Amino acid sequence: MKILVTNDDGYKSKGLNTLARILAQYGEVTVVAPKKPQSGMSMAVTMGLRPIAVRELGTDEGIRWWYLDGTPASCIKFGLDNILHPETPDLVVSGINHGSNAATAALYSGTLGAAMEGAVNGIPAIGVSLDTFDPDADFSAIRSMLPGILDKILGGDACKRRGTYYNINFPCLPLDRIKGVRVSRMGKAHWEREYRPYREFLASLGKTPDEQAEKYIASSLPDEKIYVMAGDFTSDSGNCDDADHLLVEQGYVTVTPHNIDNTDTAEYDRLCAII
């Protein structure tokens, strides 16, 4: 099996390195990951005649490593068109994301955007996330449980439906506290107070701007105000009991099947009856 791997946290992230080594037991792994973090990019691609830097990083324990200075979806495109071509990978996997991609987060996620790029090309695709932003997170529960989940997803006819991709979310819990694995629906949620004054918000976290942020602030115009996107995740009313974000909060690993076909079939039927 040939597997193409990426993420949205950048090629140096612990989650990506953990995932690549989990997948190595399934076949030949090629990693093409962003040069720097690309969270929130969804399925965006790097275009507009912008030069794109690519670097081959070599092979480590049989895993081929590359980075590309672009979005996660662009990484998958480059892997398909420039590294693996004329062959096609059997599987695309994105992650392990540092942070949940349950509920509405799936719409913004660069992790899931890369999985969608695989699905667009007719390749079975999976996104994997852990519900913590800790860059040094403990991935031992994922190392233990993910192979069994993959075996079930990849077995039989599961991946033969064109356009399907899978969103797997792990709670940030030790293995012995995880309640099990549940098939789930995409939950309904939103963010409130999404933009906060930058320095005030960092101060509330006990942090100070890094060098890159200071340069950005110093280059701003005198009448510009600096904000940061840091909203409060809020669950909506009317969620089903099997909504993914609710199950993750309860301590379950969730597997949510998505599809790139966004057609509202109920509305399609209604319109067909009146137009």
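Show the residue pairs meeting these rules: Cβ distance below 9 Å; 6+ apart or different chains; first residue within the stretch 23-52 and assigned by TED's automatic domain parsing to the domain that holds Ala105; second residue among the aromatic types (Phe, Trp, Tyr) and assigned to a loop (DSSP other than H, G, I, E, B).
Within 9 Å, the pairs are Val31/Tyr11; Val32/Tyr11; Ala33/Tyr11; Pro34/Tyr11; Lys35/Tyr11; Lys36/Tyr11.
Within the stretch 132-163, restricting attention to residues that are under 15 Å from Leu91 (Cβ atoms) and among the basic types (Lys, Arg), which residue is modelled with the highest pLDDT?
Among residues in the stretch 132-163 that are under 15 Å from Leu91 (Cβ atoms) and among the basic types (Lys, Arg), the one modelled with the highest pLDDT is Lys152.
Kindly evaluate Leu68 against the criterion of being buried (at least 24 other Cβ atoms within 10 Å of the Cβ), under 21 Å from Asn169 (Cα atoms), aliphatic (A, V, I, L, M) and at pLDDT 95 or above.
Against the criterion (buried (at least 24 other Cβ atoms within 10 Å of the Cβ), under 21 Å from Asn169 (Cα atoms), aliphatic (A, V, I, L, M) and at pLDDT 95 or above), Leu68 does not qualify.
Condition first: within 30 Å of Ala203 (Cα to Cα), surrounded by 15 or more Cβ atoms within 10 Å (Cβ to Cβ) and among the polar types (S, T, N, Q). Now tell me which residues in the stretch 225-262 satisfy that.
The one that is within 30 Å of Ala203 (Cα to Cα), surrounded by 15 or more Cβ atoms within 10 Å (Cβ to Cβ) and among the polar types (S, T, N, Q): Ser235.
So which residues in the stretch 100-114 are part of a loop (DSSP other than H, G, I, E, B), farther than 20 Å from Val32 by Cβ and under 9 Å from the mean Cα position of the chain (by Cα)?
Ser100
Just give me the residues in the stretch 42-59 being surrounded by 12 or more Cβ atoms within 10 Å (Cβ to Cβ), among the polar types (S, T, N, Q) and farther than 26 Å from Ala119 by Cβ, in sequence order.
Restricting attention to the stretch 42-59, the residues satisfying the condition of being surrounded by 12 or more Cβ atoms within 10 Å (Cβ to Cβ) are 42-46, 52, 54-55, 57.
Subsequent filtering for residues that are among the polar types (S, T, N, Q) retains 42, 46.
Hits for the stretch 42-59: nothing passes.
Residue by residue through the stretch 77-99, note down the ones that are surrounded by 24 or more Cβ atoms within 10 Å (Cβ to Cβ) and either out of contact with any strand residue (DSSP E or B) (no Cβ under 6 Å at 6 or more places or on another chain) or assigned to a loop (DSSP other than H, G, I, E, B) (or both). Before the answer, list the steps.
Of the residues in the stretch 77-99, the ones surrounded by 24 or more Cβ atoms within 10 Å (Cβ to Cβ) are 79, 89, 92-98.
Pro89, His98, listed by residue number.
Can you tell me which residues in the stretch 121-138 are within 12 Å of Leu173 (Cβ to Cβ) and not in a strand (DSSP E or B)?
Keep residues of the stretch 121-138 that are within 12 Å of Leu173 (Cβ to Cβ), which gives 130-132, 137-138.
Within the stretch 121-138, Asp131, Thr132, Ala137, Asp138 qualify.
So which strands (runs of 3 or more DSSP E) are wholly in the stretch 165-270 and hold at least 2 residues that are polar (S, T, N, Q), at pLDDT 95 or above and in contact with a Lys or Arg (Cβ under 8 Å, 6 or more places away or on another chain)? Show your work before the answer.
Values: elements: 180-183, 189-192, 195-197, 227-229, 232-235, 252-259.
In the stretch 165-270, 252-259 are the strands (runs of 3 or more DSSP E) which contain 2 or more residues that are polar (S, T, N, Q), at pLDDT 95 or above and in contact with a Lys or Arg (Cβ under 8 Å, 6 or more places away or on another chain).
Check Lys77 against each of (1) touching a residue at least 40 places away in the same chain (Cβ under 8 Å); (2) touching a Leu at 6+ places or on another chain (Cβ under 8 Å) and name the one condition it does not meet.
All conditions are met except number (2).
Do you know which of the residues in the stretch 14-49 that are β-branched (Val, Ile, Thr) and in a helix (DSSP H, G or I) is farthest from the chain's Cα centre (by Cα)?
This residue is Ile22.
The values are calculated or read from the model by the stated rules, or taken from the named source; none is laboratory data. Fair warning: this is a prediction, and the values are worked out from it, not measured in the lab. Using ideal geometry, Cβ is built from the backbone for each residue, glycine included, and neighbour counts are taken over all protein chains shown.
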